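Asker: Just dropping this structure here.
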Amino acid sequence: MLNGIFDTVLGYTPACDVLSLAITIAVLILLRVSYVSKSKSFMYFCMMLASLLVASVTNLLHYRVLTDHSASMKTVGYICYIVHSFALLFFMFDFLLYMLEPMLLDRKSYKRYAFAGFWICVADLVVVICGVVFGFGHVIHDDGTVTDEANPFLLAYVFMTALIVFVMVHYRDHLVKQLFNGVLFMMALAVLLIFMQINFGQRSFTVASFGLVTLAILFLVHSNPFDITTGAVGESAFDDMIADGYKKHKDIMVMSLHLPEFDSHTRMPSEITNLIRAMSTQYLKGAILFRIAGGRMVLAFHISKNPAYENGMNRMLLRFEDEYAHFRFDYKIVIGQTEEVLSRDNKYLTFLDFVESRMMINDVKFFEKDDVETFIRHEQILEEIKDIHKKSNLNDPRVLVYCQPVLNVATGKYDTAEALMRLSLDGIGMVYPDQFIPLAERYHLIHTLTLIILHKTCRMIRFLDENDYDVKRISVNFSVREFRDASFCSEVLSVIDSTEIMPKKVGVEITESMNENDLPILKSKINELKEHGMTFYLDDFGTGYSNLERIMELPFDVIKFDRSLVLSIEKTKKSATMVDSQAQMFDELGYKVLFEGVEDENDEISCKRMHAKYLQGYKYSKPIPIEQLTEFFEKKGAD
């Protein structure tokens, strides 16, 4: 009956506003039970939804009170109309701010458009209120009918729509294409709906037309679907949770499960996904599961909501351990509370990788402040290495050359040495190879460091030559990865030539940890450099699973026996015999044998007995700055 009155008397049906109200409430509920980024844009989106809610309710009340022809209800009708207009204007202003947010405009441009929208809305609201007060706008007659002598809201709607469209089109390169197309299409549909409403003398579809835009934004930007098998949301949601926790000073517990077998995007079997889903919901309140790329799942929860969280985590770990007997996939579990220094730049995923790299397989690690401090140091070192690589200054003062003199057994003198790399970094201090070489290799930055060391070593060789020191050569360590570059040989020779020394004064050390695919490249590059007189060392022999056939296929000159072989000499007669036979074999094949890690006289005697041509170790000298080699090398002609 009421609906019929509205239709015939007012050109209005409440069905559209009731539907808009229901949809708005449904969206708010879904946002509450799902995980959505708590960003500034999301705040604007929520205010837009609140505006629609108010607009729907006040519009329903406005037309409801018109069925009561009393003067007091007419006043209520005017109030509802003003609040309804304010809600729609507020929606448009929020929508403008929402679209400005991802454009990353400069402060001046942002303020210009925001202020333009603000004053359009304020001016229109003033006109709406004045129209009600002075009777030239929205008029409610005694019989309950409504006339709009002027429609200031429609004017504001046109201006705001034009402003938003102009900004979107003008800065379309700043917007994701899908967002630009989707929102623009929905705005066109909303304008068409308003036009049809005016054309047919209707008042029912205004709020619904605004709702079209919110639906577009919801699906294009704020939808974050749960994985149907695990109940997890995506990686970006994890970043958002950490950022929100940091902003609000909330402590979050992070539990990471990494199953490396699924890093190649292999589908997880149902028994694992069922287990993960069950554990993420049963033991901790408000815990959210995140599916990170590959085989990593992260469970995070607010500690304030789980005062007994330790009990819940222990129960989860016990259950996982029991279930592990069934699926037997390798895993690593890292657990810990968020730290401000990590949350500030949201480095948790990198941190988890770092912690895992130092763990054994099938292990659980509770990280602590020491782990975080070590990681921060690791990151600082990496940034410095990247900067060294970027500048590629062969005289970079941060890269230091240390050397360990090598004793020539035949002459009893020091005429060769091994160059060793160190970093001296502000705020960090001295950094040793085991801390930065793996980093440099992982991020393909090692070649720059090697060229710097080579350059500084060659400069020192030139100094020694010019001052008549007897220096046969100094060797530099190279990574096998560097040989894969087509320009490797030309770059090495260019550095040597720039210092005007003979290439034969430079040795190249390569570890035995090379794979079969590297063999042809290595052989070709070694032969090319040997033509210029350079000497090649096989470093760390005895640390890997040595393939003698593969080693002898490469034209090495010196075989360096690792410290572990020196130690094995004293263990058993069998070990000594094996080391001796290997050293004798290389000696008979024309290789020179160098034992490194010689620490005392017993080591020296044993190594000399086993065909050593060179000896290196703490018995003779610890690594020293390269400038101190003058204390070991003798001048030519000296007794």
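Asker: Only residues that are assigned to a loop (DSSP other than H, G, I, E, B) and either at positive phi or crowded, with 21+ Cβ neighbours inside 10 Å (or both): list them for segment 284-303, please.
Answerer: Leu284, Gly286, Ala287, Gly294, Gly295
Asker: Suppose we filter segment 69-82 for residues that are assigned to a helix (DSSP H, G or I), surrounded by fewer than 16 Cβ atoms within 10 Å (Cβ to Cβ) and either in contact (Cβ under 8 Å) with a residue 24 or more places away in the chain or of a type outside the set (A, V, I, L, M) (or both); how many remain?
Answerer: Here the count works out to 2.
Asker: Sticking with this one: Scan segment 285-302 for residues that are among the charged types (D, E, K, R) and over 12 Å from His258 (Cα atoms) and jot them down.
Answerer: Lys285
Asker: Would you say Leu52 is under 19 Å from Ile23 (Cβ atoms), touching a residue at least 40 places away in the same chain (Cβ under 8 Å) and not small (Gly, Ala, Ser)?
Answerer: On the way: under 19 Å from Ile23 (Cβ atoms): yes; touching a residue at least 40 places away in the same chain (Cβ under 8 Å): yes; not small (Gly, Ala, Ser): yes.
For Leu52, the condition - under 19 Å from Ile23 (Cβ atoms), touching a residue at least 40 places away in the same chain (Cβ under 8 Å) and not small (Gly, Ala, Ser) - is met.
Asker: Moving on to the next point. Kindly indicate whether Ser85 is out of contact with any strand residue (DSSP E or B) (no Cβ under 6 Å at 6 or more places or on another chain) and not in a helix (DSSP H, G or I).
Answerer: No.
Asker: A further question on this structure: State whether one or more residues within segment 569-585 are closer than 21 Å to Ser479 by Cβ and touching a strand residue (DSSP E or B) at 6+ places or on another chain (Cβ under 8 Å). Don't jump to the end; show me each part of the working.
Answerer: Of the residues in segment 569-585, the ones closer than 21 Å to Ser479 by Cβ are none.
No, segment 569-585 contains no residue that is closer than 21 Å to Ser479 by Cβ and touching a strand residue (DSSP E or B) at 6+ places or on another chain (Cβ under 8 Å).
Asker: Please pick out the residue among Val169, Val165 that is within 38 Å of the chain's Cα centre (by Cα), surrounded by 15 or more Cβ atoms within 10 Å (Cβ to Cβ) and in a helix (DSSP H, G or I).
Answerer: Unique residue meeting the criteria: Val165.
Asker: Filter segment 605-628 for residues that are more than 50 Å from the chain's Cα centre (by Cα) and either at pLDDT 90 or above or assigned to a helix (DSSP H, G or I) (or both); which is farthest from Pro433 (Cα to Cα)?
Answerer: Top of the filtered list is Arg609.
Asker: Of everything in segment 336-376 that's assigned to a loop (DSSP other than H, G, I, E, B) and of a type in the set (Val, Ile, Thr), which residue is nearest to Asp244 (Cα to Cα)? Steps first, answer last, please.
Answerer: If we filter segment 336-376 for residues that are assigned to a loop (DSSP other than H, G, I, E, B), which is where we start, we get 338-339, 346-347, 358-362, 367-368.
After this cut, where a residue has to be of a type in the set (Val, Ile, Thr) as well, the list is 338, 361.
Details: Thr338: 12, Ile361: 32 Å.
Among them, the one singled out is Thr338.
Asker: Moving on. Being surrounded by 13 or more Cβ atoms within 10 Å (Cβ to Cβ), over 58 Å from the mean Cα position of the chain (by Cα) and in contact (Cβ under 8 Å) with a residue 12 or more places away in the chain is true for just one of Val132, Val146. Which residue is that?
Answerer: Only one candidate qualifies: Val146.
Asker: Moving on to the next point. Kindly indicate whether Tyr157 is buried (at least 20 other Cβ atoms within 10 Å of the Cβ) and either modelled with pLDDT of 85 or more or touching a His at 6+ places or on another chain (Cβ under 8 Å) (or both).
Answerer: So Tyr157 passes the test.
Asker: Assess whether Ser264 counts as being assigned by TED's automatic domain parsing to the domain that holds Phe290 and in a loop (DSSP other than H, G, I, E, B).
Answerer: yes
Asker: Any chance segment 108-126 includes a residue that's within 30 Å of Thr67 (Cα to Cα) and exposed (fewer than 14 other Cβ atoms within 10 Å of the Cβ)?
Answerer: yes
Asker: Name the residues in segment 12-68 that are farther than 19 Å from Leu215 by Cα, in a loop (DSSP other than H, G, I, E, B) and β-branched (Val, Ile, Thr), would you?
Answerer: Listed by number, the residues that qualify are Thr13, Thr67.
Asker: Listed residues Thr273, Thr214, Thr281; which is touching a helix residue (DSSP H, G or I) at 6+ places or on another chain (Cβ under 7 Å) and either outside the structural domain of Cys46 (by TED's automatic domain parsing) or buried (at least 19 other Cβ atoms within 10 Å of the Cβ) (or both)?
Answerer: Details: Thr273 fails: touching a helix residue (DSSP H, G or I) at 6+ places or on another chain (Cβ under 7 Å); Thr281 fails: touching a helix residue (DSSP H, G or I) at 6+ places or on another chain (Cβ under 7 Å).
The match here is Thr214.
Asker: Hey, any hits in segment 250-268 for a residue that's over 25 Å from Arg358 (Cβ atoms), in contact with a helix residue (DSSP H, G or I) (Cβ under 6 Å, 6 or more places away or on another chain) and touching a residue at least 12 places away in the same chain (Cβ under 8 Å)?
Answerer: Residues of segment 250-268 that are over 25 Å from Arg358 (Cβ atoms), as a first pass: 250, 265-268.
Filter once more, keeping what is in contact with a helix residue (DSSP H, G or I) (Cβ under 6 Å, 6 or more places away or on another chain): 268.
Right, trim to touching a residue at least 12 places away in the same chain (Cβ under 8 Å) and you get 268.
Scanning segment 250-268 turns up at least one residue that is over 25 Å from Arg358 (Cβ atoms), in contact with a helix residue (DSSP H, G or I) (Cβ under 6 Å, 6 or more places away or on another chain) and touching a residue at least 12 places away in the same chain (Cβ under 8 Å).
The values are calculated or read from the model by the stated rules, or taken from the named source; none is laboratory data. Only a predicted model underlies this, so the values are computations on that prediction, with no experimental measurement involved. We place every Cβ from the backbone using ideal geometry, glycine too, and count neighbours over all the protein chains shown.
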